Amino acid sequence: MRNTMRDRTPLTPVPSSAAEDVEETKDRRGIQSIEVGGQLLLALGRTGKPMVLKELAREAGMPAAKAHPYLVSFARLGLIEQDPLTGRYELGPQLLQLGLVSLQRLDPVRIATKEIATLSTDTGHTVAIAVWGNMGPTIIRVEESSHALHVNLRTGTVMSLLNTATGLIFAAFLPPKAVEGMIKNEADRVGGLADPPSRKKVEALLAEVRCHGLARVAGAPIPGINAVSAPVFDHAGNIALAITAMGPSGVFDPDYDSPTAKVVVETANRISRLLGYNP
C-alpha cells in the first residue's frame, strides 16, 4: 500500500513576528459603523451650523436614509439634538460637555514647548514663546539653536510692541484697547522709541501683519538679528501666545515667503488647531 503521507506538503509554521503582525492588524481594524457615523458628527463640527437631514448627509458623504439611523442613536446619547420646529440637527449637550472637558485639559504653553523644540531643530534657529503679561509681550520659553546669538533674550524679557516681531503680533491681534496705552508709553516701558511712529504708520504696519498672519523685523531692535513671529489662537479665536524664530541676518531670511517664515506659520497654525481654533 502506497504511503501517501509523504506526498503531502507539510504546513509551514507562522513565524511569531508574523503572528504578532496579524494580531496587531486585528487590534487596529476598528469598527467601521462607528467611523461612518462619526462623519456626521465631524460634519456638524466642521460647518458650525444646524443642518437639515439632507444637507448634513451630503456634507458627510452618505445618503440621507443611511444617515438617519445614526442620528437617532446619537440623539438618544445626547451627542446631537434636533430642533422640533425646523428639523435641523446640531451638536448636543453631551458632545459639547466632552469638548469643554477637553479644552480645560489643554495647556497652550505645554503644547507649544514641544513644538518649538522641533521647530528649532528643523530650522537651526533660536525659537521663543511669548505670552501677554502685565508689562506686555513677555518671553516664557527659549529654545536655543546651534547658531550663537549675541542677544540678551531670556525668560521674563519684555518685548517692544512696535520694534520687535513678537510685539507686533500682539499689537496686531489683541483688541486695540488692550494695547493703546502701552503703545503710547512704549518709550517708558521698554525704551528705544523716543520718537514713536505716527498713528497712521502704526495702523498700516499692524494691517500688514494681520494680512500676512506674520510679523517680521530685519536688524531691529538688535543690528544683525532678524526675526519672524506668528500668532497662536485658542478655541475662542483669542491670541494665546506668539511663536518667534530669530537668527543672524547672514543666515536668517525674514521674507514673508521664506522657508523659515512658512514653517513658523505652519507650526503656529498647528498649535492653534490643537487648542480647538477653527478659523
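Please indicate, with yes or no, whether at least one residue in region 97-119 is at pLDDT below 90, more than 28 Å from ALA242 (Cα to Cα) and open to solvent by 50 Å² or more (accessible area, probe 1.4 Å). Within region 97-119 (the criterion being at pLDDT below 90, more than 28 Å from ALA242 (Cα to Cα) and open to solvent by 50 Å² or more (accessible area, probe 1.4 Å)), the answer is yes, since at least one residue qualifies.
Within region 204-218, one or more residues are touching a Gly at 6+ places or on another chain (Cβ under 9 Å) and not basic (Lys, Arg). If you go through region 247-261 and pick out every residue that is open to solvent by 20 Å² or more (accessible area, probe 1.4 Å) and in a strand (DSSP E or B), you end up with 1. Does SER258 satisfy the condition of being of a type in the set (Ser, Thr, Tyr) and more than 21 Å from the chain's Cα centre (by Cα)? Criteria not met by SER258. Within region 232-259, the set of residues being under 26 Å from GLY133 (Cβ atoms) and among the polar types (S, T, N, Q) comprises ASN238, THR244.
Looking at (1) at pLDDT 95 or above; (2) out of contact with any Lys or Arg (no Cβ under 6 Å at 6 or more places or on another chain); (3) not basic (Lys, Arg), find the lone condition where SER249 falls short. Result: SER249 fails condition (1) only. Among the numbered conditions (1) assigned to a helix (DSSP H, G or I); (2) open to solvent by less than 60 Å² (accessible area, probe 1.4 Å); (3) among the small types (Gly, Ala, Ser), the only one that ALA65 does not meet is (2). The C-beta contact set for region 56-80 (first residue on the phi > 0 side of the Ramachandran plot, second residue assigned to a helix (DSSP H, G or I), distance under 7 angstrom, 6+ apart or interchain) comprises GLY61/GLN39; GLY78/PRO93; GLY78/GLN94.
Here GLN94 clears all of (1) buried (at least 16 other Cβ atoms within 10 Å of the Cβ); (2) in a helix (DSSP H, G or I) except the condition numbered (1). Looking across region 121-136, the residues that are open to solvent by 10 Å² or more (accessible area, probe 1.4 Å) and of a type in the set (S, T, N, Q) come down to THR121, THR123, ASN134. Counting only residues that are within 11 Å of the chain's Cα centre (by Cα) and within 16 Å of GLY136 (Cβ to Cβ), which one in region 231-240 is surrounded by the fewest Cβ atoms within 10 Å (Cβ to Cβ)? Once the filter is applied, the top-ranked residue is ALA240.
Within region 216-244, residues that are closer than 12 Å to ALA165 by Cα and in contact (Cβ under 8 Å) with a residue 40 or more places away in the chain sit with their Cβ atoms under 8 Å from residues that are part of a strand (DSSP E or B) and among the basic types (Lys, Arg), at 6+ positions apart or across chains, in these pairs: ALA227/ARG216; VAL228/ARG216; SER229/ARG216.
The values are calculated or read from the model by the stated rules, or taken from the named source; none is laboratory data. Since we're looking at a predicted model, the values are computed, not measured. FYI the Cβ positions are ideal-geometry reconstructions off the backbone, even for glycines, and counts take in every protein chain you see. Surface accessibility is based on the protein's heavy atoms, side chains included, excluding ligands, DNA and RNA. Shrake-Rupley method; radii C 1.70, N 1.55, O 1.52, S 1.80 Å.
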